[in-house]
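Heads up, the thing below is written out as structure tokens.
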Amino acid sequence: MEGNSLGRNIYAPKSLNELLHLREQHPDTILWSGGTALLRMQKDPVPFFERDIIHLSGVNELKKVRRTERYLEIGAGVPVKKIINVGQHILPFALAQALMSIGSPAVRNLATIGGNLGFRDGRLNSFSVLMLMDSIVELRMSGKSRWVQLGRLNSISATEVLTRIRIPFRNWDLQYFRAIGDPLLHPMDSLSFTVLAETNKGIISNLRFAVGNIGKSTLRSIDFETYLSGKKLRLSGRELETAVNIFQSFVQNIEGDLTPFQKDRSIRFVRWFLRELRDVYIFTE
Amino acid sequence: MKISFLLNGRQFETEVSPTIRLSDILKANSKITSVRTSCMKGECKSCSVIINGEVVPSCMVPAFSVRGSDIVTLEGFSKTKDYNDIIQAFEETGASPCDFCRGGTILTIQSILERFAEPDEPQILDAFNGNICPCTNIGLIIESVKRAALYRKRKRIGRK
């Protein structure tokens, strides 16, 4: 531990056990992984943080990537660049796109998946993709561990630490991710769109669609997904318009989460995407 | 807080606030002139350095996280053979980054060449994403990267 002129302490645990012990003793600390999001939001020449910091770079247990036949498991402290380098045959295409949309390659050397998911003030690029993929995360505290659906990450307690992300392998043969704007610097103008679907003999099954990068929430329209699931590709003009109308009424009725700009862009995106889907089919390969 | 790290192969020790950015520590060092700061958001690359073999924007790195690290700036990188490939490519294509962005440009090219043996245009543009320096034609930079990659390929084949 090191003190500093501001009276803040910097803790640098060397193992997961030490980290969990420290977190239990100091629940009101900043967990510093890559720190890129935290520093990007700093306006002062010398960054100022109101709380003590636990620096995670010495915890090797958080830096492991493991692959089984059923899932890919990524430690929360793994840099984004290392995940991208896992390879296109292992990493789901939409997740790779989401990770590639984080900063520049130099920033991706520092940024970590845990930092991207666990950022306190909002949901960043990879969250909606991993949520749609039914990813689960391990939350650990001293002497206890639990796995929860990523969508329930909000239930994390002050003494828990996000340690691993497990992404099940599924045959998503239709994957798409696109982000606009910077969710950290311009949260009112940023958006991300994720589409995942399985198809069988040209029929869409199990379509999932999420709008992310909109503050602390991620939006899904179950009516929209249900309507498109079971439809045969290519969509007819009437089916396309009905799907757009369902999504439009869903977005228009949302209060608070989306700005008018974000509502307009999401409807435009859905229309564009469905047209592309009708005309060219967007597949991963 | 006292921190020490390897800077261009030599032990460097300084007393700083732990949350100060690495870019500010390096700028305060009179022997380092290649590190500049502009956006302070990790985008413009003018503050790029190599930390433990990875090119990172030093404005995104707090002092407390570099204890014991091996940091190389353009001053240190310019003594390597890899640097010569990039400079040779600059000379042949006519690319001439200004002093402000020179360090960031050269280290970004180095990071591209470490990742891709034969980088294509989208890969190069992705690496330069966010670079706001208008002084050099990006077309010349792209050509330089491709040439430098070719020189390294020839060297690899020559070694075999």
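Residues that are assigned to a loop (DSSP other than H, G, I, E, B) and charged (D, E, K, R) were ranked within region B:33-71; the one that is nearest to A:GLY115 (Cα to Cα) is B:LYS41. Checked against (1) out of contact with any Leu (no Cβ under 6 Å at 6 or more places or on another chain); (2) closer than 22 Å to A:GLY181 by Cβ; (3) surrounded by fewer than 20 Cβ atoms within 10 Å (Cβ to Cβ), A:ASP52 meets all criteria but (2). Outside the structural domain of B:THR19 (by TED's automatic domain parsing), assigned to a helix (DSSP H, G or I) and among the aromatic types (Phe, Trp, Tyr): does that describe B:PHE90? Yes.
Exactly one residue out of A:LEU95, A:LEU20, A:LEU62, A:LEU39 is within 10 Å of chain B (Cβ to nearest Cβ) and in a helix (DSSP H, G or I), and it is A:LEU39. Yes or no: B:PRO134 at pLDDT below 90, surrounded by 20 or more Cβ atoms within 10 Å (Cβ to Cβ), in a loop (DSSP other than H, G, I, E, B) and more than 14 Å from every other protein chain (Cβ to nearest Cβ)? Considered against the rule, which asks whether it is at pLDDT below 90, surrounded by 20 or more Cβ atoms within 10 Å (Cβ to Cβ), in a loop (DSSP other than H, G, I, E, B) and more than 14 Å from every other protein chain (Cβ to nearest Cβ), B:PRO134 comes out as no.
So is A:GLY212 in contact (Cβ under 8 Å) with a residue 24 or more places away in the chain, surrounded by 22 or more Cβ atoms within 10 Å (Cβ to Cβ) and in the same structural domain as A:LEU258 (by TED's automatic domain parsing) or not? The answer is yes for A:GLY212. Restricting B:GLN110, B:GLN123, B:GLN88 to those that are in contact with a helix residue (DSSP H, G or I) (Cβ under 7 Å, 6 or more places away or on another chain) and either among the small types (Gly, Ala, Ser) or closer than 23 Å to B:LEU26 by Cα (or both) reduces the list to B:GLN110.
Screening region A:205-214 for residues that are among the hydrophobic types (A, V, I, L, M, F, W, C) and at pLDDT 90 or above and picking the one that is farthest from A:HIS186 (Cα to Cα) gives A:LEU207. With respect to the stated conditions, A:MET100 fails to be farther than 30 Å from B:CYS44 by Cα and in contact with a helix residue (DSSP H, G or I) (Cβ under 9 Å, 6 or more places away or on another chain). Here the condition is being within 14 Å of chain B (Cβ to nearest Cβ) and either under 26 Å from B:GLY104 (Cβ atoms) or not hydroxyl-bearing (Ser, Thr, Tyr) (or both); of A:ARG108, A:ARG120, it holds for A:ARG108 alone. Here B:ILE25 meets the list (1) in contact with a helix residue (DSSP H, G or I) (Cβ under 7 Å, 6 or more places away or on another chain); (2) part of a loop (DSSP other than H, G, I, E, B); (3) more than 9 Å from chain A (Cβ to nearest Cβ) almost entirely, failing just condition (2).
For region A:71-92, how many residues meet the condition of being assigned to a loop (DSSP other than H, G, I, E, B) and either hydroxyl-bearing (Ser, Thr, Tyr) or within 12 Å of chain B (Cβ to nearest Cβ) (or both)? Adding up the residues that qualify gives 1.
The values are calculated or read from the model by the stated rules, or taken from the named source; none is laboratory data. From a predicted model like this one, the values you see are computed outputs, not experimental measurements. Please note: Cβ atoms are built from the backbone with ideal geometry, for glycine as well, and neighbour counts cover all protein chains shown.
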